[in-house]
Amino acid sequence: VGILTMPGQATQDMWSWKDQSGLLPYLDSVAITMISENQGRFMVSDGSHLYLFDGGAITNLTSDANAHGLREISSIASDGRTWLVSYRPIDSSQPQIWLTDGRTWTDIGGKVRATNGGIDAVGKNGTWYIRAYQTSMNGQPTTWELFQVQGTDVPATKVSLPSTVSTNQTGCVAFVDGSQLCTG
C-alpha cells in the first residue's frame, strides 16, 4: 500500500530497457536502496524487505531473512554464486552475516570479529573479503580490519595490510572543546 520501485531490466543488447517495476509490491514512501546482481538474478531491498528478482518473477524473502535474525538489511553483495546479506543490530556489536542463494542460508557472522560500525563486502566465486568497522570511541577515529572468508566451514583469516595502508576511516572526530581530529 505504497510504492517500491525497481530500475528497468536491460535486454541482451544493453541499449533497450524493459520496465519491471510492476512486479514489486506497492509500499507507500519506500524506495529500493540496495541491489545486487548474480547470474542474471537480482536481490533487492529497501532496508526492511528483501526480494529476489529473476527477470520475470519476484520472490519475497523477507520472512526468510527475518527467521535468520536479519530484522533489517544493511547491505547486499554478490560473489557470482551467492549473496552476502548483512544486518548490524544496534543492540549488539556482532553483525548478522548470511550467505544465501535465495533458498538456503548459511550463517558466517561468527567468522568476522565483532564490529560496532558495520561491514562492507566484496566476493568472487566463494571467496569473500569483508571490511569490518569499529566506530570511534573516546575521541579516536573509526578504524577497520579486512578479513578473507573462503568457504563456510573454515575460519576467516585477517588480511595483513601493507604498512602504507591506513586503517583509519576517513573523516573527522569533534571533541568537546571544539577541536577536531581529521584523517584521510
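Can you confirm whether the range 26-47 contains a residue that is in a loop (DSSP other than H, G, I, E, B), at pLDDT below 90 and touching a helix residue (DSSP H, G or I) at 6+ places or on another chain (Cβ under 8 Å)?
No: zero hits.
Would you please name the residue that is surrounded by the fewest Cβ atoms within 10 Å (Cβ to Cβ), looking only at residues in the range 97-114 that are within 16 Å of Ser75 (Cα to Cα) and modelled with pLDDT under 90?
Gly109
List every residue pair whose Cβ atoms sit under 7 Å apart, with the two residues 6 or more apart in sequence or on different chains, where the first one lies in the range 141-170 and is under 25 Å from Ser78 (Cβ atoms) and the second, anywhere, is open to solvent by less than 60 Å² (accessible area, probe 1.4 Å) and among the small types (Gly, Ala, Ser).
From residues that are under 25 Å from Ser78 (Cβ atoms), the pairs are Trp144/Ala132; Glu145/Ala132; Phe147/Ala132; Phe147/Ala156; Gln148/Ala156; Val149/Ala156; Gln150/Gly126; Gly151/Gly126.
Yes/no per residue for (1) within 22 Å of Gln150 (Cβ to Cβ); (2) of a type outside the set (Gly, Ala, Ser):
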residue: Leu61; (1), (2): no, yes
residue: His68; (1), (2): yes, yes
residue: Ser74; (1), (2): no, no
residue: Ser86; (1), (2): yes, no
residue: Leu99; (1), (2): yes, yes
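Got a number for residues in the range 49-73 being in a strand (DSSP E or B), in contact with a Leu (Cβ under 6 Å, 6 or more places away or on another chain) and crowded, with 17+ Cβ neighbours inside 10 Å? Lay out the reasoning, then the answer.
From the range 49-73, those in a strand (DSSP E or B) are 50-53, 58-60; that's our starting set.
Keeping just the survivors that are in contact with a Leu (Cβ under 6 Å, 6 or more places away or on another chain) gives 50, 52, 58-59.
Pick out the ones that are also crowded, with 17+ Cβ neighbours inside 10 Å and you get 50, 52, 58.
Total meeting the criteria: 3.
Would you point out which residue out of Thr62, Thr82 is among the hydroxyl-bearing types (Ser, Thr, Tyr) and closer than 21 Å to Gly110 by Cβ? Working first, answer last.
Values: Thr62 fails: closer than 21 Å to Gly110 by Cβ.
None of the other options fit; the residue is Thr82.
Would you confirm whether or not the range 155-168 contains a residue that is surrounded by 14 or more Cβ atoms within 10 Å (Cβ to Cβ), modelled with pLDDT under 80 and more than 24 Å from the chain's Cα centre (by Cα)?
No, the range 155-168 has no match at all.
The values are calculated or read from the model by the stated rules, or taken from the named source; none is laboratory data. Here the structure is a predicted model, which is why all the values come from computation and not from measurement. We place every Cβ from the backbone using ideal geometry, glycine too, and count neighbours over all the protein chains shown. Calculation scope for accessible area: heavy atoms of the full protein, side chains included, ligands and nucleic acids excluded. Shrake-Rupley method; radii C 1.70, N 1.55, O 1.52, S 1.80 Å.
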